[in-house]
1. I'm told Ile161 meets every condition in (1) over 21 Å from Asn80 (Cβ atoms); (2) assigned to a helix (DSSP H, G or I); (3) more than 32 Å from the chain's Cα centre (by Cα) except one. Can you identify the failing condition by its number?
2. How do the pairs read when you match residues in the stretch 158-187 that are in contact (Cβ under 8 Å) with a residue 12 or more places away in the chain with residues anywhere that are among the hydroxyl-bearing types (Ser, Thr, Tyr) and surrounded by 15 or more Cβ atoms within 10 Å (Cβ to Cβ), using Cβ under 6 Å and keeping only pairs 6 or more apart or on different chains?
3. Taking the condition aromatic (Phe, Trp, Tyr), within 32 Å of the chain's Cα centre (by Cα) and modelled with pLDDT under 95, does Phe133 pass?
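The values are calculated or read from the model by the stated rules, or taken from the named source; none is laboratory data. These figures come from a predicted structure and were not determined experimentally. No Cβ is skipped: glycine too gets one built from the backbone with ideal geometry, and neighbour counts run over all protein chains shown.
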Amino acid sequence: MRFLKTKIQLASEALERRSKGTSSPSIHESLSQASTDDSQIQVVLQDLPKRRAKMNVITPPKPVCSKLNPLKGDLRATKNIVVNYGKAITSFALSKLATPYLKTLLEGSNITRAEFNQFAKKAREQIAGIDSFRSLLMIDEKKEGLHVANCKRILIQVAEIFIKYFSVNWIIHGRLLHKLTYLKYRFKVLRRIHNPELFTYMSNEKKRDASSLL
């Protein structure tokens, strides 16, 4: 609108000067300036559709990953975490790294290293999920006998040593894909080893599903 008003004003001034019989070169200069303004207007008008298109683009919202709705990748990361930790613990119990600790733990238990190794090998083969791993941590002397109960007590102590002092090296230098997840769940596994009766889930999603059934 400003450009139109300028052109109208210049045209009216030119008519007044012509009626008075005077001419001024400023009219041509003004008209050339007005034509320049018209070219600028055309440039702006040509750019308007592009600007409107940019303004009308609606960007889709980013997916929100909350604790109640974890992504599938998180579920894959925790799918075999109990089995892998259980087998790593029993493998550590059978390795030479556990020998200095087992010398002290086996004293006064009436269990030899060979007997404990036999128990640990059998335990490693039996671990297939939370239920089988929890059964290795639950102690019942009346049902299982003193020998098995003592082996379980020693295995629990070995598991605590492994998680506190050796699990980080196992995670970082091992072949695990979701290393950060395993580091995150280290002390969750340790808490469940200390309280095996509460070892009924591993991830928050499974906990929520279990509570919904109550």
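1. Result: Ile161 passes all but (3).
2. Listed pairs, sorted by first residue: Ile161/Tyr101; Ile171/Tyr182; Leu176/Tyr182; Arg186/Ser167.
3. Yes; evaluated as a whole, the condition is true for this residue.
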